[in-house]
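Working notes, beginning with the structure itself.
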Amino acid sequence: MGDPTSMFTSAGMQQFKPQFMGEEPPAAPRVVTVQRCFRTTDIEEVGDLSHLTAFEMLGNFSFGDYFKREAIRWAWELLTGVYRLDPARLHATIYLDDDDSYGYWREVGLPDDHIHRRDEDLNYWFSFPKDTPGASGPCGPDSEIYYDLDPSRDPAEARLHTGPDGRPAGVGYSDRFLEIWNLVFMQLYQHPDGRRTNLPAQNIDTGSGLERVAMVLQGKRSVFETDIFLPILAEAQAVVGVDYLGGAASELQAYAIRAMAEHCRAATLLIGDGVVPSNEGRGYVLRRVIRRAIYFARKVGVREPFTHRLAEAAIGRLGGAYPHLVENRQFIQRALSAEEERFTRTLEAGTHRLEDLLERLRAAGAAVIPGDEAFTLYDTFGLPVELTREIAAAEGFTVDDAGFQAALEAQRQRARQQGAFLKGEVSPSSSSSATTTPASSATPIPKPMPPSSPSSAAAPSPTSSLKGRRASSSSPPPPSTPKAAASSATAGTSSRRPASSSSRTPRPPAAPSSTAAASAKERSVPASALPPRSTSTGAAARPATTPAPTSSTPPSAPSSAPTSASRARSSPRTAPVRLHPPRTDASRSPPRSPAARQRKSPPRPRSPVAHHRLPPGHRSRRPRLLRRQVRQRSPRRRNPR
């Protein structure tokens, strides 16, 4: 379509906006189209006898060729000469000061009492959302044609008056008169500041809904009883289990059946065009349509999945004109079924919460649903705010839209911050406090004790070391030698097991912990000054410690070779001891359990030759068949048992 201001083709003229504004030359001065359209302007009304979200629009267009006189005359000719509609049942509305259109309607024979002047809210057409500040685009006055569905009633009802509910009534406002054609005189352009100037040419843009024309021509009381909707409606009434066409359905059941049929048909068309349910853009609109159908179905007692059944009926009815629906049949049904299953899991809990909320508000004398409550229904229970607003309006409540938008924006901010943190930036929580880190980051290095009160550095038990190691599994261990200390600041951590001639091949180094480095920097402790790890091979190695500064050893020049006694005297920081002694012939490490293997990363793959060269006493975890193959290949070098 090429219109970035709209997510869907909501009118037949959207593809012609460049031609109307003179940006592109038209392919021909006169064009006729039949186009699928989708709009949610009146979605709350879908379920009545005439409103739809998806429809087929018939239109004829003129780009600087014919104008008002020809458009009115040819429309009258088609309606009365080709369609053979009763002229006495036709009415026309015009803009307040459009005397030209009034004269042209009188020329074709329309009585004066069937021509009605209306204000801009009814007889002015905009190619953009007119309530959006700063919106701009082509626009112009229009003349709408209505069909009287009940001519036996008082003719005075056609005049503009105030109805019993205090709202405007008459042609253009009452359900008695059905709009079947709109003739737009596209001659102006509205600028962002509200000014209107003439377009390069005077154009014509007309639109007539195929479903409404079929309703009038077939003499039906609603668009859903025409041959366009009848197969889908029949399937919907079978899902509900009532005879809608026979008049056995209640008012609520009839409304639900019509809404189910229309929304599933619209969803079929959208998914066939590549739209899938999501939480934004076109996908959110599609999700809203599907969930509204499911809500009304549940309201009349439907508990079984039904959207795929109605989609099958819609494809059978529309597949002849739109073969891509037949080609994508399985995809459409799977998408609908998945969305239905997802929504039904939370719908019951969401509706119960909303009903309880309305009861509490009613008891408190309030009439507005708080925005944070509406957001909870949307974010946790999947109720679109439009559906919440519609349910609340039926009970006499409104929704705090400003509060909802504030809660939605706060959620978006949290999502952005979390996304930035996951990409490697500093977490918002850790930026405010250096000692507070997320669960995925390393435990910060404890602060050193002051020099005046050194503490003894007794070796902790293996149990306490295990707890400490699990709590800070992502922090890098100290290097084992001064040379390794310089390299560990950039290369990361080493193997957890002690270096020994009988140890296995070490695992590849892990990425350095940015949290530990930041904590060390905060405490003015350079990474190279971290205490080295002990390389002794006893049953329980002593932890490496950092000597406390004394009067003979200033802090700026620490001793490069601390003694064992100084290590044991007082280390402000204690490195965890090693959990396992080195493997020897007399002491073998027990095999790990399957659960323990899953907690650690798998070892590097080794070839069979490297496997059978492992030192004596190593318990192999290779499959028995592989060990047998190794023995067959080199029987002289197999491991002794």
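The values are calculated or read from the model by the stated rules, or taken from the named source; none is laboratory data. Note that the structure is a prediction, hence the values are computed from the model and not measured. Methodologically, a virtual Cβ is constructed for each residue, glycine included, from the backbone with ideal geometry; neighbour enumeration extends over all protein chains shown. When the accessible area is computed, the model is the full protein with side chains, heavy atoms only, and any ligands, DNA or RNA have been set aside. Shrake-Rupley method; radii C 1.70, N 1.55, O 1.52, S 1.80 Å.
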Residues of region 1-28 being hydrophobic (A, V, I, L, M, F, W, C) and open to solvent by 70 Å² or more (accessible area, probe 1.4 Å), in sequence order, are MET1, MET7, ALA27
In region 122-147, anything open to solvent by 10 Å² or more (accessible area, probe 1.4 Å), closer than 22 Å to ARG212 by Cα and charged (D, E, K, R) is listed as GLU144
Among helices (runs of 4 or more DSSP H) completely within region 166-279, the ones holding 2 or more residues that are farther than 28 Å from GLY134 by Cβ and free of Cβ contacts under 8 Å to residues at least 60 places away in the same chain are 230-240, 251-272
Verdict on ARG291 being open to solvent by 40 Å² or more (accessible area, probe 1.4 Å), modelled with pLDDT under 95, outside any loop (DSSP other than H, G, I, E, B) and within 22 Å of GLU386 (Cβ to Cβ) | no
When ARG258 is run through (1) more than 23 Å from ALA392 (Cα to Cα); (2) crowded, with 22+ Cβ neighbours inside 10 Å, the failure sits at (1)
Pairing a residue in region 43-56 that is free of Cβ contacts under 8 Å to residues at least 40 places away in the same chain with any residue that is in a helix (DSSP H, G or I) and of a type outside the set (A, V, I, L, M), where Cβ atoms lie under 8 Å and the two sit 6 or more apart in sequence or on different chains, gives HIS51/GLU45
- Do we have any residue at all in region 305-318 that's of a type in the set (Ser, Thr, Tyr), under 29 Å from ALA366 (Cα atoms) and either part of a helix (DSSP H, G or I) or touching a Leu at 6+ places or on another chain (Cβ under 7 Å) (or both)? no
Every listed condition ((1) out of contact with any Ser or Thr (no Cβ under 7 Å at 6 or more places or on another chain); (2) over 28 Å from GLY109 (Cβ atoms)) holds for PHE38 save (1)
Of those in region 171-213 that are closer than 17 Å to LYS17 by Cα and among the small types (Gly, Ala, Ser), the residue surrounded by the most Cβ atoms within 10 Å (Cβ to Cβ) is GLY207
Q) Residues in region 341-349: is at least one polar (S, T, N, Q) and either at pLDDT 95 or above or within 23 Å of GLN35 (Cβ to Cβ) (or both)? A) no
Counting only residues in region 29-78 that are of a type in the set (A, V, I, L, M) and touching an Asp or Glu at 6+ places or on another chain (Cβ under 9 Å), the one most open to solvent (accessible area, probe 1.4 Å) is identified as VAL34
Okay, helices (runs of 4 or more DSSP H) sitting entirely in region 321-401 with 1 or more residues that are crowded, with 19+ Cβ neighbours inside 10 Å and touching a Gly at 6+ places or on another chain (Cβ under 7 Å), I get 323-327, 329-364, 371-379
Residue hits (region 335-369; out of contact with any Leu (no Cβ under 9 Å at 6 or more places or on another chain) and more than 30 Å from THR307 (Cα to Cα)) are GLU359, ARG360, LEU361, ARG362, ALA363, ALA364, GLY365, ALA366
Check your understanding: Is it the case that GLY109 is under 42 Å from the mean Cα position of the chain (by Cα) and among the small types (Gly, Ala, Ser)?
Key -> no
